[in-house]
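Enquirer: Sharing a structure, written as structure tokens. Questions coming.
No lab work stands behind these numbers, since they all come straight from the coordinates. Quick caveat, the model's predicted, so the values are computed rather than measured. Here the Cβ positions follow ideal geometry from the backbone for every residue, glycine too, while neighbour counts run over all protein chains shown.
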Amino acid sequence: MKVLLSAGARPNFMKIAPIYREALKHRQVQCKIVHTGQHYDYDMSEAFFEDLEMPRPDFFLNAGSGTHAVQTAKIMVTFEELCRNEKPDLIIVVGDVNSTLACSVVAKKLLIKVAHVEAGLRSFDLAMPEEINRMVTDAISDFFFVTEESGAANLIREGKPKNHIHFVGNVMIDNLFYQVATLNGDMSEHFPTAKIKKKFKNYAFLTLHRPSNVDKRSEFTEISDALNSIAEEMPILFPVHPRTKKRMDEFNLKLSKNIFLFSPLGFKESLFIWKDAKVVMTDSGGLQEETTALGIPCVTIRENTERPITIDMGTNILAGTKKESILEAFEKALSRPRNRFKVPPKWDGKAAERIWKILLEKQI
Ligand code: UD1
């Protein structure tokens, strides 16, 4: 079975790592990695391949940044040429970024089978580019690998055949458990952030990059007011995404001196910090899941989530994006007893194993 495993942006890399590792166990599978180049800075891309113990991609498409149309189109043009040359039996796409949409549409039009890992998640918010990417990819995929039961329910409601939907668990959590096991004390001491982590017993960890949170001055100011208030109570460690950095400079945003800014961190170093945080504050999809898997309180600075299981069973609290609601969620996150939370079903580190079992049984 000739497979192209496609990824383009930071959150994709964590998802393809366990799928690739598992592919190596099957001699009948030839799995090649395609990096679309949607993310390209060392911090945003190569650092992840190193941390995740991935080989260099077999193909790098060099798409780069641009408007949604430009970026998506560039990926489509080069990925089409690659598919024509490589003639894969299957492409695997993960998550919900522009690369996911671009590669799935190209493959399907060339009559190549498409498997979507992390299918069926819905925020029901079409102002979110990722929601459009999810819906388009799911409209045309052949295999739907879902991480939580809401994903299967959404797909069934959208008319997908039940036998194409496979509840396999979460490859993001496969990667997380693998990485937690490799984080050893000696090595962690060398991280540049080790000193600051040691200095503070109680700290919050923050990530923020959604266009809806950072692209408009009024929204970003409202959130930063909340963060400045929280920082009076607890220091905040904040690796800053390039999009967010640009906006902070443009809006000349003033953050408390108790908010410590870093360049984007690699996977391991980021995990090294947030796994011991009192609370994680984020608008990322992946961190909502990862904090639930490790039982760390999470405050999600968004109005909605496509990952409801993290709220129903896990440690996640949907905070909204207003100052008061964020402060309220922060206090609630600190006061809830940790033993009330559960790790969702099949988030057990074996999702990639289940995916390959199904793909091999189907004899594509
Ligand atoms: C993308 C994904 C988002 C994901 C996020 C994780 C889409 C629609 N969005 O958003 O779902 O959560 O990645 O990071 O696919 N930039 C750099 N260096 C890089 C990459 C980007 O400086 O390596 C800068 C560019 O100026 C770019 C901006 O960051 O314009 C935003 O990058 P882009 O890939 O357009 O979207 P993200 O916000 O990263």
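Enquirer: Which residue, GLY159, GLY95, GLY295, has the most motion in a Gaussian network model of the chain that connects Cα atoms within less than 10 Å?
Expert: Residue with maximal mean-square fluctuation among GLY159, GLY95, GLY295: GLY159.
Enquirer: Still on this model: Once you have the alpha carbon radius of gyration of the range 139-270, what is it after dividing by 2.2 N^0.38 Å, with N set to its residue count?
Expert: Rg over 2.2 N^0.38 Å, computed on Cα atoms: 1.40.
Enquirer: Oh, and also: Please list, ordered by chain and number, the residues whose modelled amide H lies under 5 Å from the amide H of PHE167; skip anything fewer than 5 residues away on the same chain.
Expert: HN-HN under 5 Å from PHE167: VAL146.
Enquirer: Still on this structure: Can you classify the range 1-158 as rounded, prolate or oblate using the Cα gyration tensor, where a ≥ b ≥ c are the square roots of its eigenvalues, rounded means a/c under 1.5, and otherwise it's prolate if a/b beats b/c and oblate if not?
Expert: Rounded, since a/c falls under 1.5.
Enquirer: Run the simple label-point estimate for LYS246 and THR182 please: 7 Å along Cα→C-beta, distance reported in nm.
Expert: 3.1 nm
Enquirer: Then there is this: How would the range 60-124 be classified by its alpha-carbon gyration tensor: rounded, prolate or oblate, with rounded meaning a/c under 1.5 and the a/b versus b/c comparison settling the rest?
Expert: oblate
Enquirer: Quick one: among PHE220, PHE267, PHE251, which has the greatest mean-square fluctuation in a GNM of the chain with alpha-carbon springs under 10 angstrom?
Expert: Judging by the Gaussian network model, the answer is PHE251.
Enquirer: Could you give me the percent of Cα pairs per 10 Å distance bin for the range 163-212, shortest bin first, beginning at zero and ending with the bin that holds the maximum distance?
Expert: 17, 28, 34, 14, 6, 0
Enquirer: Report the far tail of the P(r) of the range 225-364, meaning the percent of Cα-Cα pairs longer than 20 Å.
Expert: Result for the distance tail: 53 percent.
Enquirer: Dipole size in debye (nearest 20) for the range 1-96 around its Cα centre, Lys and Arg Cβ +1, Asp and Glu Cβ -1?
Expert: 380 debye
Enquirer: What per residue convex hull volume, in Å³, do the alpha-carbon atoms of the range 1-92 yield?
Expert: About 84 Å³ per residue, rounded to a whole number.
Enquirer: With just the Cα atoms defining each centre, how far is the range 103-131 from the range 6-72? Give it in Å.
Expert: 17 Å
Enquirer: Taking +1 at the Cβ of each Lys and Arg and -1 at the Cβ of each Asp and Glu, which of ILE156, GLY120, ILE140 sits farthest along the dipole of the range 85-160 towards its positive end, judged by Cα position relative to the Cα centre?
Expert: Result: ILE140, furthest along the dipole toward the positive end.
Enquirer: Then there is this: Go ahead and run the numbers for FRET between TYR42 and HIS68, Cβ-Cβ distance against an R0 of 35 Å, rounding to 0.05.
Expert: Efficiency, rounded to the nearest 0.05: 0.90.
Enquirer: For the range 268-275, in order, what is each residue's ³J(HN,Hα) by Karplus, 6.51 cos²θ - 1.76 cosθ + 1.60 with θ = phi - 60°, in whole Hz (x at glycine and Pro)?
Expert: Result, ordered by residue: 5, 5, 4, 4, 3, 7, 6, 5 Hz.
Enquirer: Let me ask something additional. Given that compact globular proteins tend to follow 2.2 N^0.38 Å, what is the ratio of the alpha-carbon Rg of the chain to that value?
Expert: Cα Rg divided by the expected 2.2 N^0.38 Å: 0.96.
Enquirer: Hey, got the dipole for the chain? About the Cα centre, +1 on K and R Cβ, -1 on D and E Cβ, debye to the nearest 20?
Expert: 380 debye
Enquirer: Run the helix sum for the chain: -39,500 (n - 2.57) per DSSP H stretch of 4+ residues, divided by residue count, reported at 222 nm to the nearest 500 deg cm²/dmol.
Expert: That calculation yields -14000 deg cm²/dmol at 222 nm.
Enquirer: Sticking with this structure for a sec: Just report the Cα centroid separation between the range 245-296 and the range 341-357, whole Å.
Expert: Result: 25 Å between the Cα centres.
Enquirer: Given the options ILE273, ILE196, ILE296, which has the most mean-square fluctuation in a GNM of the chain, springs set between C-alpha atoms less than 10 angstrom apart?
Expert: Result: ILE196 has the largest fluctuation of those listed.
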